[in-house]
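The values are calculated or read from the model by the stated rules, or taken from the named source; none is laboratory data. Computed from a predicted structure; not experimentally measured. A quick note on method: Cβ atoms are made from the backbone with ideal geometry, for glycine too, and the neighbour counts reach across all protein chains shown. Surface accessibility is based on the protein's heavy atoms, side chains included, excluding ligands, DNA and RNA. Shrake-Rupley method; radii C 1.70, N 1.55, O 1.52, S 1.80 Å.
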Amino acid sequence: MTESQPLDRLWGIIEKFRVKAVITADPSPRTPSGNFFIYDCDRSLHRRLVFLPHESGERAGAFELCEDRHLLVAATVTIGGPESLIARALPEEVMVDLAETSDLAAVAELLVEEVTMPRCGGPAVFGRLCEVLVIRLLRHAIKAGVADVGLIAGLGHPKLAQAIVAMHEAPEKSWRLETLADVAGMSRTQFATGFKEVLGTTPGAYLSQWRLALAHLELEAGRPLKAVAARVGFASPVALSRAYRRHYGVSPREARSDSTPAELSRVA
(Lines give C-alpha, C1' and ligand atoms only; values in the text may rest on other atoms or scores of the structure.)
Protein backbone atom coordinates (compact mmCIF):
# COMPACT_ATOMS: atom_id res chain seq x y z
CA MET A 1 0.00 0.00 0.00
CA THR A 2 1.42 3.38 -0.97
CA GLU A 3 0.88 6.60 0.93
CA SER A 4 -1.46 7.85 -1.82
CA GLN A 5 -3.78 4.85 -1.47
CA PRO A 6 -6.56 5.08 1.12
CA LEU A 7 -6.64 2.41 3.82
CA ASP A 8 -9.15 -0.31 2.96
CA ARG A 9 -10.35 -1.44 6.38
CA LEU A 10 -12.76 -4.08 5.11
CA TRP A 11 -11.25 -5.87 2.12
CA GLY A 12 -9.16 -8.32 4.14
CA ILE A 13 -12.14 -9.60 6.14
CA ILE A 14 -14.87 -9.47 3.49
CA GLU A 15 -12.62 -11.31 1.04
CA LYS A 16 -12.27 -14.22 3.49
CA PHE A 17 -15.61 -14.27 5.31
CA ARG A 18 -18.33 -14.36 2.68
CA VAL A 19 -21.83 -13.01 3.29
CA LYS A 20 -24.65 -15.53 2.94
CA ALA A 21 -28.30 -14.54 2.92
CA VAL A 22 -31.52 -16.55 2.80
CA ILE A 23 -35.00 -15.02 2.72
CA THR A 24 -37.04 -16.29 5.68
CA ALA A 25 -39.98 -18.33 4.46
CA ASP A 26 -43.45 -17.33 5.66
CA PRO A 27 -42.39 -15.06 8.54
CA SER A 28 -44.88 -14.53 11.33
CA PRO A 29 -46.28 -10.99 11.36
CA ARG A 30 -45.50 -10.66 15.06
CA THR A 31 -42.29 -12.60 15.66
CA PRO A 32 -40.58 -13.24 12.32
CA SER A 33 -37.67 -15.65 12.28
CA GLY A 34 -34.31 -14.48 11.01
CA ASN A 35 -31.76 -11.90 12.07
CA PHE A 36 -32.14 -9.27 9.34
CA PHE A 37 -35.27 -7.15 8.91
CA ILE A 38 -36.45 -4.14 6.96
CA TYR A 39 -39.74 -2.58 7.99
CA ASP A 40 -41.80 0.58 7.69
CA CYS A 41 -42.63 2.48 10.86
CA ASP A 42 -46.12 3.84 10.13
CA ARG A 43 -46.18 6.55 12.76
CA SER A 44 -42.88 8.12 11.73
CA LEU A 45 -43.13 7.18 8.04
CA HIS A 46 -39.54 6.01 8.31
CA ARG A 47 -38.08 2.83 6.93
CA ARG A 48 -35.70 1.02 9.29
CA LEU A 49 -33.21 -1.81 9.07
CA VAL A 50 -32.42 -4.13 11.98
CA PHE A 51 -29.56 -6.62 11.99
CA LEU A 52 -29.00 -9.06 14.87
CA PRO A 53 -25.55 -10.46 13.96
CA HIS A 54 -25.27 -12.71 17.03
CA GLU A 55 -28.50 -14.58 16.22
CA SER A 56 -28.48 -17.63 13.92
CA GLY A 57 -31.95 -16.90 12.63
CA GLU A 58 -33.27 -20.28 13.73
CA ARG A 59 -35.02 -18.88 16.77
CA ALA A 60 -38.28 -16.99 16.21
CA GLY A 61 -39.08 -14.15 18.54
CA ALA A 62 -35.64 -12.53 18.60
CA PHE A 63 -37.27 -9.50 17.04
CA GLU A 64 -40.86 -8.52 17.67
CA LEU A 65 -43.01 -6.32 15.49
CA CYS A 66 -45.15 -3.67 17.13
CA GLU A 67 -48.51 -2.67 15.71
CA ASP A 68 -47.02 0.29 13.86
CA ARG A 69 -44.30 -1.79 12.14
CA HIS A 70 -44.99 -3.16 8.67
CA LEU A 71 -42.51 -5.93 7.82
CA LEU A 72 -41.03 -5.81 4.32
CA VAL A 73 -38.02 -8.13 4.48
CA ALA A 74 -37.11 -10.96 6.88
CA ALA A 75 -33.95 -12.94 6.24
CA THR A 76 -31.07 -14.82 7.81
CA VAL A 77 -27.73 -13.17 7.04
CA THR A 78 -24.42 -14.66 8.17
CA ILE A 79 -20.89 -13.32 7.73
CA GLY A 80 -18.51 -16.26 7.85
CA GLY A 81 -20.72 -18.19 10.27
CA PRO A 82 -22.62 -17.11 13.40
CA GLU A 83 -19.44 -16.98 15.53
CA SER A 84 -17.21 -15.17 13.03
CA LEU A 85 -14.92 -12.35 14.09
CA ILE A 86 -17.01 -9.85 12.14
CA ALA A 87 -20.32 -10.90 13.69
CA ARG A 88 -18.83 -10.83 17.18
CA ALA A 89 -17.37 -7.37 16.52
CA LEU A 90 -20.82 -5.86 16.05
CA PRO A 91 -23.22 -5.06 18.89
CA GLU A 92 -26.13 -7.44 19.53
CA GLU A 93 -28.47 -5.17 17.60
CA VAL A 94 -27.69 -2.77 14.77
CA MET A 95 -30.64 -0.50 13.96
CA VAL A 96 -30.42 2.04 11.15
CA ASP A 97 -32.91 4.71 10.15
CA LEU A 98 -32.66 4.43 6.37
CA ALA A 99 -33.91 7.99 5.91
CA GLU A 100 -30.60 9.16 7.40
CA THR A 101 -28.30 6.88 5.37
CA SER A 102 -28.87 7.26 1.63
CA ASP A 103 -26.21 4.71 0.62
CA LEU A 104 -27.86 1.99 2.71
CA ALA A 105 -31.36 3.08 1.72
CA ALA A 106 -30.61 2.65 -2.00
CA VAL A 107 -29.62 -1.02 -1.59
CA ALA A 108 -32.41 -1.66 0.92
CA GLU A 109 -34.97 -0.51 -1.64
CA LEU A 110 -33.66 -3.06 -4.14
CA LEU A 111 -33.90 -5.79 -1.49
CA VAL A 112 -37.51 -4.86 -0.77
CA GLU A 113 -38.24 -4.97 -4.49
CA GLU A 114 -36.76 -8.47 -4.83
CA VAL A 115 -38.90 -9.75 -1.95
CA THR A 116 -42.17 -8.01 -2.81
CA MET A 117 -41.93 -8.57 -6.56
CA PRO A 118 -40.31 -12.02 -7.03
CA ARG A 119 -38.69 -12.70 -10.39
CA CYS A 120 -36.36 -15.25 -12.00
CA GLY A 121 -33.04 -15.50 -10.17
CA GLY A 122 -34.44 -13.67 -7.17
CA PRO A 123 -32.60 -15.59 -4.42
CA ALA A 124 -29.25 -15.08 -6.17
CA VAL A 125 -29.90 -11.37 -6.64
CA PHE A 126 -31.03 -11.08 -3.02
CA GLY A 127 -27.84 -12.73 -1.79
CA ARG A 128 -25.59 -10.44 -3.80
CA LEU A 129 -27.49 -7.35 -2.75
CA CYS A 130 -27.18 -8.43 0.89
CA GLU A 131 -23.41 -8.71 0.48
CA VAL A 132 -23.28 -5.12 -0.80
CA LEU A 133 -25.57 -3.93 1.99
CA VAL A 134 -23.53 -5.67 4.72
CA ILE A 135 -20.34 -4.03 3.44
CA ARG A 136 -22.06 -0.65 3.52
CA LEU A 137 -23.46 -1.47 6.95
CA LEU A 138 -19.96 -2.23 8.23
CA ARG A 139 -18.77 1.09 6.77
CA HIS A 140 -21.60 2.80 8.61
CA ALA A 141 -20.76 0.96 11.86
CA ILE A 142 -17.10 2.01 11.66
CA LYS A 143 -17.92 5.63 10.84
CA ALA A 144 -20.69 5.92 13.45
CA GLY A 145 -18.65 4.20 16.15
CA VAL A 146 -21.41 1.76 17.07
CA ALA A 147 -19.01 -0.29 19.22
CA ASP A 148 -16.79 1.02 22.01
CA VAL A 149 -14.60 -2.09 22.16
CA GLY A 150 -13.71 -4.72 19.58
CA LEU A 151 -12.80 -5.06 15.93
CA ILE A 152 -15.23 -2.39 14.68
CA ALA A 153 -13.85 0.08 17.22
CA GLY A 154 -10.31 -0.85 16.20
CA LEU A 155 -11.01 -0.38 12.51
CA GLY A 156 -12.44 3.04 13.32
CA HIS A 157 -9.22 4.10 15.05
CA PRO A 158 -6.99 6.06 12.63
CA LYS A 159 -3.73 4.48 13.84
CA LEU A 160 -4.65 1.06 15.18
CA ALA A 161 -6.53 0.31 11.95
CA GLN A 162 -3.24 0.44 10.06
CA ALA A 163 -1.83 -2.45 12.10
CA ILE A 164 -5.08 -4.44 12.08
CA VAL A 165 -5.34 -4.25 8.29
CA ALA A 166 -1.67 -5.26 7.99
CA MET A 167 -2.36 -8.41 10.06
CA HIS A 168 -5.48 -9.16 8.03
CA GLU A 169 -3.65 -8.87 4.73
CA ALA A 170 -0.51 -10.81 5.74
CA PRO A 171 -1.29 -13.28 8.55
CA GLU A 172 1.64 -15.46 7.52
CA LYS A 173 4.15 -12.75 8.40
CA SER A 174 6.13 -13.06 11.67
CA TRP A 175 4.66 -9.93 13.24
CA ARG A 176 6.48 -8.45 16.22
CA LEU A 177 4.97 -5.90 18.58
CA GLU A 178 7.57 -3.33 17.55
CA THR A 179 6.80 -3.85 13.85
CA LEU A 180 3.05 -3.47 14.35
CA ALA A 181 3.60 -0.34 16.45
CA ASP A 182 5.73 1.07 13.65
CA VAL A 183 3.00 0.31 11.10
CA ALA A 184 0.51 2.15 13.32
CA GLY A 185 2.88 5.09 13.78
CA MET A 186 2.87 4.69 17.55
CA SER A 187 5.41 3.87 20.23
CA ARG A 188 5.56 0.27 21.45
CA THR A 189 3.92 1.16 24.76
CA GLN A 190 1.24 3.38 23.21
CA PHE A 191 0.37 0.69 20.70
CA ALA A 192 0.18 -2.18 23.18
CA THR A 193 -1.89 -0.15 25.66
CA GLY A 194 -4.16 1.38 23.03
CA PHE A 195 -4.76 -1.93 21.27
CA LYS A 196 -5.83 -3.64 24.51
CA GLU A 197 -8.12 -0.73 25.45
CA VAL A 198 -9.83 -0.49 22.06
CA LEU A 199 -9.98 -4.13 20.96
CA GLY A 200 -10.23 -5.70 24.40
CA THR A 201 -7.35 -8.09 23.74
CA THR A 202 -3.62 -7.99 23.05
CA PRO A 203 -2.16 -7.72 19.53
CA GLY A 204 -0.71 -11.23 19.84
CA ALA A 205 -4.00 -12.75 20.97
CA TYR A 206 -5.92 -11.01 18.17
CA LEU A 207 -3.41 -12.20 15.57
CA SER A 208 -3.79 -15.76 16.86
CA GLN A 209 -7.60 -15.52 16.67
CA TRP A 210 -7.38 -14.20 13.12
CA ARG A 211 -5.01 -16.97 12.04
CA LEU A 212 -7.22 -19.66 13.60
CA ALA A 213 -10.33 -18.24 11.95
CA LEU A 214 -8.58 -18.35 8.58
CA ALA A 215 -7.27 -21.85 9.28
CA HIS A 216 -10.79 -23.04 10.07
CA LEU A 217 -12.04 -21.77 6.71
CA GLU A 218 -9.11 -23.30 4.83
CA LEU A 219 -9.45 -26.69 6.56
CA GLU A 220 -13.21 -26.69 6.06
CA ALA A 221 -12.54 -26.20 2.34
CA GLY A 222 -10.45 -29.39 2.39
CA ARG A 223 -6.96 -27.92 2.09
CA PRO A 224 -4.03 -29.92 3.58
CA LEU A 225 -3.02 -29.11 7.15
CA LYS A 226 0.64 -28.50 6.22
CA ALA A 227 -0.29 -26.00 3.51
CA VAL A 228 -2.79 -24.25 5.76
CA ALA A 229 -0.28 -23.88 8.61
CA ALA A 230 2.22 -22.11 6.34
CA ARG A 231 -0.48 -20.04 4.67
CA VAL A 232 -1.88 -18.56 7.90
CA GLY A 233 1.36 -18.09 9.83
CA PHE A 234 1.89 -21.13 12.06
CA ALA A 235 5.43 -22.48 12.41
CA SER A 236 4.33 -26.07 11.74
CA PRO A 237 1.24 -28.29 11.33
CA VAL A 238 1.78 -29.45 14.92
CA ALA A 239 1.68 -25.87 16.20
CA LEU A 240 -1.55 -25.25 14.28
CA SER A 241 -3.12 -28.47 15.57
CA ARG A 242 -2.33 -27.60 19.17
CA ALA A 243 -3.67 -24.05 18.87
CA TYR A 244 -6.75 -25.29 17.01
CA ARG A 245 -7.56 -27.83 19.72
CA ARG A 246 -7.13 -25.23 22.50
CA HIS A 247 -9.43 -22.79 20.71
CA TYR A 248 -12.10 -25.07 19.23
CA GLY A 249 -11.93 -28.06 21.55
CA VAL A 250 -11.22 -30.53 18.73
CA SER A 251 -8.24 -31.22 16.50
CA PRO A 252 -8.39 -30.32 12.79
CA ARG A 253 -8.57 -34.04 11.94
CA GLU A 254 -11.46 -34.60 14.37
CA ALA A 255 -13.30 -31.56 13.04
CA ARG A 256 -13.04 -32.92 9.51
CA SER A 257 -13.93 -36.55 10.18
CA ASP A 258 -16.40 -36.40 13.04
CA SER A 259 -18.31 -33.15 12.56
CA THR A 260 -21.16 -32.28 10.24
CA PRO A 261 -21.13 -28.89 8.47
CA ALA A 262 -23.59 -27.57 11.06
CA GLU A 263 -21.34 -28.65 13.90
CA LEU A 264 -18.34 -27.07 12.24
CA SER A 265 -20.16 -23.76 12.00
CA ARG A 266 -20.78 -23.82 15.73
CA VAL A 267 -17.10 -24.05 16.51
CA ALA A 268 -16.00 -21.53 13.85
Number of positions in the stretch 91-106 that are outside any loop (DSSP other than H, G, I, E, B), open to solvent by less than 60 Å² (accessible area, probe 1.4 Å) and in contact (Cβ under 8 Å) with a residue 24 or more places away in the chain: 6
Hits in the stretch 73-121 (condition: more than 20 Å from the chain's Cα centre (by Cα) and among the acidic types (Asp, Glu)): Asp97, Glu100, Glu109, Glu113, Glu114
Residue under evaluation Ala75, criteria (1) modelled with pLDDT of 85 or more; (2) in contact with a Cys (Cβ under 8 Å, 6 or more places away or on another chain); (3) open to solvent by 50 Å² or more (accessible area, probe 1.4 Å), criterion not met: (3)
Candidates Glu178, Glu169, filtered to the one that is free of Cβ contacts under 8 Å to residues at least 24 places away in the same chain and open to solvent by 50 Å² or more (accessible area, probe 1.4 Å): Glu178
Thr189, sole failed condition from (1) in contact with a Lys or Arg (Cβ under 8 Å, 6 or more places away or on another chain); (2) open to solvent by 60 Å² or more (accessible area, probe 1.4 Å); (3) not aromatic (Phe, Trp, Tyr): (1)
Residues (over 17 Å from Arg136 (Cβ atoms) and in a helix (DSSP H, G or I)) located in the stretch 80-90: Leu85, Arg88
Number of the exception - Glu114 against (1) in contact with a Phe, Trp or Tyr (Cβ under 7 Å, 6 or more places away or on another chain); (2) touching a residue at least 24 places away in the same chain (Cβ under 8 Å); (3) of a type in the set (Asp, Glu): (2)
Candidates Ala153, Ala166, Ala205, Ala141, filtered to the one that is among the small types (Gly, Ala, Ser), within 23 Å of the chain's Cα centre (by Cα) and at pLDDT below 90: Ala141
Residue list for the stretch 166-208, restricted to those being in contact with a Ser or Thr (Cβ under 8 Å, 6 or more places away or on another chain) and closer than 19 Å to Ile142 by Cβ: Phe195
Verdict on Phe36 being at pLDDT below 85 and either under 23 Å from Glu113 (Cα atoms) or β-branched (Val, Ile, Thr) (or both): no
Some residue of the stretch 213-221 being part of a helix (DSSP H, G or I), at pLDDT 90 or above and either among the charged types (D, E, K, R) or open to solvent by 20 Å² or more (accessible area, probe 1.4 Å) (or both): no
Any hit, the stretch 2-13, residues being in contact with a Gly (Cβ under 7 Å, 6 or more places away or on another chain), open to solvent by 20 Å² or more (accessible area, probe 1.4 Å), at pLDDT below 85 and of a type in the set (Val, Ile, Thr): no
Checklist (1) out of contact with any His (no Cβ under 8 Å at 6 or more places or on another chain); (2) closer than 29 Å to Ser241 by Cβ applied to Leu212, failing item: (1)
Search result, residues across the stretch 111-124 that are open to solvent by 60 Å² or more (accessible area, probe 1.4 Å), modelled with pLDDT of 90 or more and in a helix (DSSP H, G or I): Glu113
Total residues in the stretch 131-166, condition assigned to a helix (DSSP H, G or I), touching a residue at least 12 places away in the same chain (Cβ under 8 Å) and open to solvent by 50 Å² or more (accessible area, probe 1.4 Å): 6
